[in-house]
Amino acid sequence: ISDLKHGLKPSNGVLNYIEGAVKIEEVDGEELVKKFAEEMEEMLGRKMKSVKKLAEAAEDADLVHEYNETLQFDYFNSLLINTVDEDGNSIPLGGEFPLEKNEHFNKLPVNTQQSNIQVPTNVYNQDPDILNGVYMSEALNDIFVDNFQKDPTLTWQFFGSSTGFFRLYPGIQWTPDENGVVTFDCRNRNWYIQAATSPKDVIIVVDVSGSMKGLRLTIAKHTINTILDTLGENDFVNIIAYSDYVRYVEPCFKGILVQADLDNREAAALGQGSLCNQAIMLITDGAMEDFQDVFQEFNWPDRRVRVFTYLIGREMTFAENVKWIACNNKGYYTHVSTLADVQENVMEYLHVLSRPMVINHDHDIIWTEAYMDSVLSHGILLGVVGTDVALRELMRLAPRYKLGIQGYAFLITNNGYILSHPDLRPLYKEGKKLKPKPNYNSVDLSEVEWEDTEEKLRTAMVKGETGTLSLDVRTSVDKGRRVLFLRNDYFYTDIKETPFSLGIVLSRGYGEYIFTGNVSVEDGLHDLLTPDLTIANEWTYCETDIDPAHRKLTQLEAVKKYLTGKEPDLDCDSQLLQQTLFDAVVSAPMEAYWTALMLNTSGMEDGIETAFLGTRSGLLRFQRYAGIEKRSGRSFLTSTDMENIFTLDHFPVWYRRAAEYPAGQFLYYMPRQDTRGRGHTNVTLSVSPLAYVHKKKVDILQPCDTEYPSFIYEPSVKETNSIIKCGRCQKMFVVQQIPESNLLMLVVQADCDCSRQYPPITLEPKECDRMRSQKIRRRPESCHSYHPQENADDCGGASVISLSYVLLLLCLSIAGSIS
């Protein structure tokens, strides 16, 4: 782009034509965030409507189904489908199940005409409870298909049963682990557990007396961990151990309830808890008395604190007292004699906590950090139905071109945890595989928007308020190696009927205004159909996911088909298309100029590999001057070079840096991926055009919790020199600025080693203070903790548990796509 200064300019006629077709508009952040939130609410509403149809169908099927102990039913088991025996015959629960790769479902082989069933290895796949549940839920098949036909943007739809099977649409081939075991159990998933109960406060009391040794202590520890795994971010917990005296397992949590996020659960939020369900989990190998006086004074007659008891080991001497404690406090008693018994016995408490919701016959919508739910029927918990909504698709409703070069959108939960943010990096690389980090869904907003030191932004968003805030920020680019100083305006509001809040960021300068132009489709299409031009394939110029016939189209192919009239039914963003066509016309002379340079070898300087140009509409023009075998930057501007192309999360790094650099001056940098393992590297040169908006210099620095090396260029330093003292020696350095660029020539005396002079800086916060600290959170509106008509006779042990299928829990999940 720098070659424009050497003379190629459009004629006066073209200039007059373009100037008459352009205008600069101010971006209204408040209106923009409101519009985005309404569109997200509408999108989620469509998904909820589909799932409610599933709930109604399942309720109807449950009402007409009669339990049959001897039922024989051959269903499609997702692990066994398309499998044959030695004679070539389909094995039981297998059968022929057609599968076809589908772009909409991550290119997985699926069957969009039918669902199938997954059963964990530890559950017998022909148990009468499984067969009755699978047979009853066959009614969901037609609803799955109908939902998908009416809303092709739907992804996975499912039903997770309390008996352990998982019905998934579209049907897939389930792959076991390397040991041939299927460990996935829908009842252990966070979306199922959070959907099954309202928020809860749990005190785990574990017996560590002399008799609790060996296998008993191992079973007790496994029981504690399994209970903790059933808790989510809306729950609160603490663990107390007792023998001759009482002690808190984590001393930092003495006398308080802590939020059951991953860090606290692993350590074992200070506050009053969830103020909803309250329970004590007693884990012991026996109780010598029933403590009736204690319960009579503190918990009766309402019994609002439930007590669940877990008798550990094979000894039954004091079992009656342990059972009495549970049955007289609206809890549940279980006997856990082996490690294999733990999972099923712990899950019983979820069924008990769901009783008030069953009696109230409510259809609440309860959201977790990843899912939302609701429910209905007549007895015990039946299961959870739902559908996934990829966060990536949700964030497409806040398009990049409307937010500007440095702008972005983000979503948080009622607990301040991030659902989506460009600085949230939920994956790590292990070998060649990408895996989710353990706490990827419990990263707090304050950990990425750390300039919000007083947490004004976080507090307002957690409370579901609507407003604005301005902050001076430092943002890193080029994987943390460079820093930009920005003045950002934050606009935020809540998304109705959810505990989520949406925020958008507009940077002062380029983020405050949008430059728009208008040209004819004929002129724009002519300049768009050139080989040197691409557009951002992750952006949504045209919606290609509605019609299956469009799913294999790239965005550029979809735009061409729409503008040429070959696919007039495509749903396209007219404003973005208008801007893209305008940018294609304005930048078209570059193609002829670059081609002329390539043909005129005397006009080309040695070492130039690629010339390129980018615009706010995601349009990218480039000209290669060297073949791939001669290029040192072989991946530059390819689909694998995510830092240097337009993506859903960010503009290219060269674009972002040039935009914040003085207009008309040159910016040089070396992309990191091109500096490894080669004898030579390439340098990227970019320059920003004259800015339409005056930007003030920002020089406010803030302390940070994470330290990593960065480079900050200070343009006022033209030339300087100094001496660095390193113990017994000293070294001199000289710095000279190269005019009209961000380059500095640095000459350093090399005969003095200062590497040991400056040890690394470490931050050692007071761990206990950090663990006890409590951030603002918003409690979920729905709570079902008590009902006077609840039948507490079903409390485990010798009690008879009826097999009536009851509560259908509707769960509409919002799952972050991490593929």
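The values are calculated or read from the model by the stated rules, or taken from the named source; none is laboratory data. Remember, it's a predicted structure, so these values are computed and weren't measured experimentally. Here the Cβ positions follow ideal geometry from the backbone for every residue, glycine too, while neighbour counts run over all protein chains shown.
Return yes when Val505 is out of contact with any Lys or Arg (no Cβ under 9 Å at 6 or more places or on another chain) and not in a helix (DSSP H, G or I) and no when it is not.
yes
Hey, among the residues in segment 1-26 that are surrounded by 14 or more Cβ atoms within 10 Å (Cβ to Cβ) and of a type in the set (Val, Ile, Thr), which one's modelled with the lowest pLDDT?
Top of the filtered list is Ile1.
What is the one condition in (1) assigned to a loop (DSSP other than H, G, I, E, B); (2) over 23 Å from Asp527 (Cα atoms); (3) touching a Lys or Arg at 6+ places or on another chain (Cβ under 9 Å) that Arg634 does not satisfy?
The failed condition is (3).
Can you tell me which residue is surrounded by the most Cβ atoms within 10 Å (Cβ to Cβ) among those in segment 267-298 that are in contact with a strand residue (DSSP E or B) (Cβ under 6 Å, 6 or more places away or on another chain) and either modelled with pLDDT under 90 or aromatic (Phe, Trp, Tyr) (or both)?
The extreme case among them is Asn277.
Which number in (1) outside any strand (DSSP E or B); (2) modelled with pLDDT of 90 or more marks the one condition that Pro499 misses?
(2)
Matching residues to (1) hydrophobic (A, V, I, L, M, F, W, C); (2) outside any loop (DSSP other than H, G, I, E, B); (3) farther than 15 Å from Tyr349 by Cα; (4) in the same structural domain as Asp341 (by TED's automatic domain parsing):
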{"residue": "Ile193", "(1), (2), (3), (4)": "yes, yes, no, no"}
{"residue": "Ile203", "(1), (2), (3), (4)": "yes, yes, no, yes"}
{"residue": "Ser211", "(1), (2), (3), (4)": "no, no, yes, yes"}
{"residue": "Lys221", "(1), (2), (3), (4)": "no, yes, yes, yes"}
{"residue": "Asn225", "(1), (2), (3), (4)": "no, yes, no, yes"}
{"residue": "Asn238", "(1), (2), (3), (4)": "no, yes, yes, yes"}
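Please tell me if Leu99 is under 20 Å from Gly160 (Cβ atoms), among the hydrophobic types (A, V, I, L, M, F, W, C) and touching a strand residue (DSSP E or B) at 6+ places or on another chain (Cβ under 9 Å).
In short, no.
Looking at Gln114, Gln126, which is the one that is surrounded by 14 or more Cβ atoms within 10 Å (Cβ to Cβ), in a loop (DSSP other than H, G, I, E, B) and over 32 Å from the mean Cα position of the chain (by Cα)?
Gln126
Would you confirm whether or not segment 627-647 contains a residue that is in contact with a strand residue (DSSP E or B) (Cβ under 6 Å, 6 or more places away or on another chain), assigned by TED's automatic domain parsing to the domain that holds Asp523 and under 20 Å from Ile405 (Cβ atoms)?
No, segment 627-647 contains no residue that is in contact with a strand residue (DSSP E or B) (Cβ under 6 Å, 6 or more places away or on another chain), assigned by TED's automatic domain parsing to the domain that holds Asp523 and under 20 Å from Ile405 (Cβ atoms).
Output the residues belonging to segment 27-40 that are assigned to a helix (DSSP H, G or I) and surrounded by fewer than 18 Cβ atoms within 10 Å (Cβ to Cβ).
Glu30, Glu31, Lys34, Lys35, Glu38, Glu39
Has segment 563-582 got at least one residue that is in a loop (DSSP other than H, G, I, E, B), surrounded by fewer than 15 Cβ atoms within 10 Å (Cβ to Cβ) and within 29 Å of the chain's Cα centre (by Cα)?
no
Could you look through segment 431-450, keep only residues that are of a type in the set (D, E, K, R) and either in a loop (DSSP other than H, G, I, E, B) or touching a helix residue (DSSP H, G or I) at 6+ places or on another chain (Cβ under 7 Å) (or both), and pick out the one that is surrounded by the fewest Cβ atoms within 10 Å (Cβ to Cβ)?
Among those residues, the one meeting the criterion is Lys432.
Any idea which of Asp185, Asp229, Asp207 is within 17 Å of Glu344 (Cβ to Cβ) and either assigned by TED's automatic domain parsing to the domain that holds Ala279 or hydroxyl-bearing (Ser, Thr, Tyr) (or both)?
Exactly one residue qualifies, and that residue is Asp229.
In segment 509-526, is there at least one residue being among the polar types (S, T, N, Q), out of contact with any Lys or Arg (no Cβ under 6 Å at 6 or more places or on another chain) and at pLDDT 90 or above?
Checked segment 509-526: no residue is among the polar types (S, T, N, Q), out of contact with any Lys or Arg (no Cβ under 6 Å at 6 or more places or on another chain) and at pLDDT 90 or above.
Checking the conditions here, which among Tyr492, Tyr428, Tyr417 is farther than 30 Å from Ile24 by Cβ and either surrounded by 17 or more Cβ atoms within 10 Å (Cβ to Cβ) or among the hydrophobic types (A, V, I, L, M, F, W, C) (or both)?
Criteria check complete, one pass: Tyr417.
So which residues in segment 712-742 are modelled with pLDDT under 75 and surrounded by 11 or more Cβ atoms within 10 Å (Cβ to Cβ)?
Across segment 712-742, the qualifying residues are Tyr713, Pro715, Val717.
Among the residues of segment 139-152, are any part of a loop (DSSP other than H, G, I, E, B) and of a type in the set (Asp, Glu)?
yes
Just name the residue that is modelled with the lowest pLDDT out of those in segment 240-266 that are assigned to a loop (DSSP other than H, G, I, E, B) and surrounded by 14 or more Cβ atoms within 10 Å (Cβ to Cβ).
Asp261
Testing Arg487 on (1) more than 22 Å from Gly416 (Cβ to Cβ); (2) in a helix (DSSP H, G or I), one condition comes back false. Which one is that?
Going through the list (1) more than 22 Å from Gly416 (Cβ to Cβ); (2) in a helix (DSSP H, G or I), Arg487 breaks only (2).
Within the bounds of segment 594-603, is there any residue that is in contact with a helix residue (DSSP H, G or I) (Cβ under 9 Å, 6 or more places away or on another chain), buried (at least 17 other Cβ atoms within 10 Å of the Cβ) and modelled with pLDDT under 90?
Yes - at least one qualifying residue is present in segment 594-603.
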